[in-house]
Amino acid sequence: QVQLVESGGGLVQAGGSLRLSCAASESIFSINIMGWYRQAPGNQRELVATITRGGNTNYADSVKGRFTISRDNAKNTVYLQMNSLKPEDTAVYSCNAIAVIGTYWGQGTQVTVSS
């Protein structure tokens, strides 16, 4: 079973930046897709960005050009660099891993963007 631990959330002013990290308990080299999702109060969880084992990325339209997902297989870690943050980016951000043996989620980290 893969355990995922997110970090890097916090409070930031609009226009600021944060970098989220998702550390996996084992090698992510064999994990097909890793991604970040977010859920704001009263809203459904939505996809933010994904990255495949080969490095192909996909982003929600709302974050294109502002967020960048990356992975460091040597450190078993996936990152989400968030720039030009907006109040509407406020949510709990969760890391996701889709492996051959199953799908896993982290506990989430709160991101709050003040106006």
How far is the Cα center of region 13-49 from the Cα center of region 79-115, in Å?
-> 3
With a bin width of 10 angstrom, please list the P(r) values of region 64-115 as percents of all Cα-Cα pairs, from the 0 bin to the one holding the largest distance.
-> 20, 47, 27, 6, 0
Which one of ASN56, ASN73, ASN32 has the biggest mean-square fluctuation once the chain is modelled by GNM with Cα springs under 10 Å?
-> ASN56
When the solvent-accessible surface of protein heavy atoms is calculated with a 1.4 angstrom probe, in what order do ILE31, ILE101 fall, highest first?
-> ILE101, ILE31
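The values are calculated or read from the model by the stated rules, or taken from the named source; none is laboratory data. Nothing here was measured: the structure is a model prediction, and the numbers come from that model. To get the accessible areas, we keep the full protein, side chains included, count just its heavy atoms, and leave off ligands, DNA and RNA. Shrake-Rupley method; radii C 1.70, N 1.55, O 1.52, S 1.80 Å.
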